[in-house]
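What follows is a single structure, written as structure tokens, with notes after it.
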Amino acid sequence: MNIVEILKIKGREIDLWLDKLMPTPDQPPQKLHEAMRYSVFAGGKRLRPILAVLAYEWTGGIKEIIYPPACAIELIHAYSLIHDDLPGMDNDDLRRGKPTCHKVFGEAIALLAGDALHDLAFELLAMAGKTDIVVEVAKGIGTSGLVGGQVDDMLSENIKPTAELVDNIHIKKTAALIVTSVKIGAMMGEATIEEITSISEYALKMGLAFQIIDDILDITADEQHLGKPIGSDIEKGKATYPAIFGLNESKKKAGELIKEAKLALPDNRDNEIFYEIADFILKRAY
Ligand code: GRG
């Protein structure tokens with residue numbers, strides 16, 4: 001089976017769990033539940049929860065207990081996208097080729113759907129019974145992670161970006177949640193400190209490459225593929241890798257990071273699936 005097929009199967013498994021763990025649209029408040037489900041089931045790749053499950057399995061874990069915390073990460077990802085698309089932030093009309101949550105449900109419901117996804121995520125994390133993973137996620141998405149990166153990103157619009165600034169934004173806004181995903185998977189599997197350190201290093205490098213490739217695709221992809229208008233980063237004056245280094249150099253840097261990511265994993269483990277995911281992410285740029 002190739003990596004695309006493996007990711008599809010793993011993604012479907014995540015979808016089944018998400019469906020089971022989320023409130024149904026017939027439960028009140030229906031509008032809120034509809035909006036939450038609309039965004040969660042809009043066709044994401046499920047990369048982050050898949051990484052959490054794989055990191056757990058990498059440590060030898062075989063139980064289903066990993067799925068609720070892994071799904072919690074996807075709910076957080078969905079919340080961040082809903083809020084990111086709001087008029088007060090990026091003001092986007094399309095996401096994954098579909099109208100954004102606020103375009104369908106209105107701003108207030110979209111805002112609250114994001115909040116409720118965040119809340120449900122922490123309920124699922126807490127129910128896993130390990131305080132350390134709750135703390136880990138809170139840190140990964142707080143002021144020194146996702147939210148902090150989003151603020152830095154907004155404040156850097158239309159100023160001349162430096163490599164240091166872009167790295168800082170990309171690491172916090174994108175890589176931090178990817179690191180958090182593998183970290184909680186490994187922690188759920190009772191990994192050693194050394195294992196957690198090396199898989200986190202893998203995810204950091206791969207997560208940075210992932211965002212660089214996202215920057216590249218904003219220029220090179222076609223609209224149908226990207227699911228939103230191309231060139232929106234340039235239009236918004238965003239701090240991106242291509243804005244500093246140009247397309248070719250950005251692709252080269254992504255390639256170097258993917259190599260470094262793979263090297264971060266220990267020799268005495270079966271890392272094949274993580275190598276394949278890293279290569280798959282790089283291939284999206286070409
Ligand atoms: C509002 C707190 C808050 C944070 C927003 C997620 C985000 C931060 C901004 C969205 C824009 C952006 C470029 C985010 C970087 C992360 C990223 C590349 C998201 C898209 O992730 P994929 O490709 O999406 O995994 P799918 O659609 O597959 O789920």
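Coordinate-derived values only; no laboratory data. Here the structure is a predicted model, which is why all the values come from computation and not from measurement. We place every Cβ from the backbone using ideal geometry, glycine too, and count neighbours over all the protein chains shown.
Laid out as a table, the results:
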{"item": "Yes/no for Arg12 being among the basic types (Lys, Arg) and within 27 Å of Asp233 (Cα to Cα)", "result": "no"}
{"item": "Count of segment 96-121 residues which are farther than 28 Å from Gly185 by Cα and either within 8 Å of the ligand (Cβ to nearest atom) or buried (at least 23 other Cβ atoms within 10 Å of the Cβ) (or both)", "result": "4"}
{"item": "Unmet requirement for Ala126, which otherwise passes all of (1) in a loop (DSSP other than H, G, I, E, B); (2) in contact with a helix residue (DSSP H, G or I) (Cβ under 9 Å, 6 or more places away or on another chain)", "result": "(1)"}
{"item": "Among (1) assigned to a helix (DSSP H, G or I); (2) more than 16 Å from the chain's Cα centre (by Cα), the one test that Gly61 misses", "result": "(1)"}
{"item": "Positions within segment 184-204 being in contact (Cβ under 8 Å) with a residue 24 or more places away in the chain, surrounded by 18 or more Cβ atoms within 10 Å (Cβ to Cβ) and either within 19 Å of Leu247 (Cα to Cα) or more than 16 Å from the ligand (Cβ to nearest atom) (or both), in sequence order", "result": "Ile184, Gly185, Ala186, Met187, Met188, Gly189, Ala191, Glu195, Ser198, Ile199, Tyr202"}
{"item": "Of all residues making up segment 216-242, the number that are assigned to a helix (DSSP H, G or I), touching a Ser or Thr at 6+ places or on another chain (Cβ under 9 Å) and touching a residue at least 40 places away in the same chain (Cβ under 8 Å)", "result": "2"}
{"item": "Top-ranked residue of segment 140-176 - restricted to ones that are charged (D, E, K, R) and closer than 19 Å to Gln211 by Cβ, ranked as nearest to the ligand (Cβ to nearest atom)", "result": "Lys173"}
{"item": "Output for segment 81-95, where each listed residue is under 19 Å from Asp15 (Cα atoms) and either assigned to a strand (DSSP E or B) or more than 13 Å from the ligand (Cβ to nearest atom) (or both)", "result": "Arg95"}
{"item": "Looking only at segment 144-167, and only at residues there that are in a loop (DSSP other than H, G, I, E, B) and in contact with a helix residue (DSSP H, G or I) (Cβ under 8 Å, 6 or more places away or on another chain), the one that is surrounded by the most Cβ atoms within 10 Å (Cβ to Cβ)", "result": "Gly145"}
{"item": "Residue in segment 32-43 that is within 16 Å of the ligand (Cβ to nearest atom) and charged (D, E, K, R) present", "result": "yes"}
{"item": "Tally, over segment 205-224, of residues that are more than 13 Å from the ligand (Cβ to nearest atom) and either acidic (Asp, Glu) or touching a strand residue (DSSP E or B) at 6+ places or on another chain (Cβ under 6 Å) (or both)", "result": "2"}
{"item": "Unmet criterion (only one of (1) within 13 Å of the ligand (Cβ to nearest atom); (2) over 12 Å from the mean Cα position of the chain (by Cα); (3) closer than 21 Å to Gly189 by Cβ) for Ile50", "result": "(2)"}
{"item": "Matching residues, segment 122-139, being within 16 Å of the ligand (Cβ to nearest atom) and crowded, with 21+ Cβ neighbours inside 10 Å", "result": "Val137"}
{"item": "Condition broken by Asp222, with the remaining ones in (1) surrounded by fewer than 23 Cβ atoms within 10 Å (Cβ to Cβ); (2) under 20 Å from Leu165 (Cβ atoms) satisfied", "result": "(2)"}
{"item": "Options Ala55, Ala70, Ala35, Ala78: the member that is part of a helix (DSSP H, G or I), in contact with a Pro (Cβ under 6 Å, 6 or more places away or on another chain) and crowded, with 19+ Cβ neighbours inside 10 Å", "result": "Ala70"}
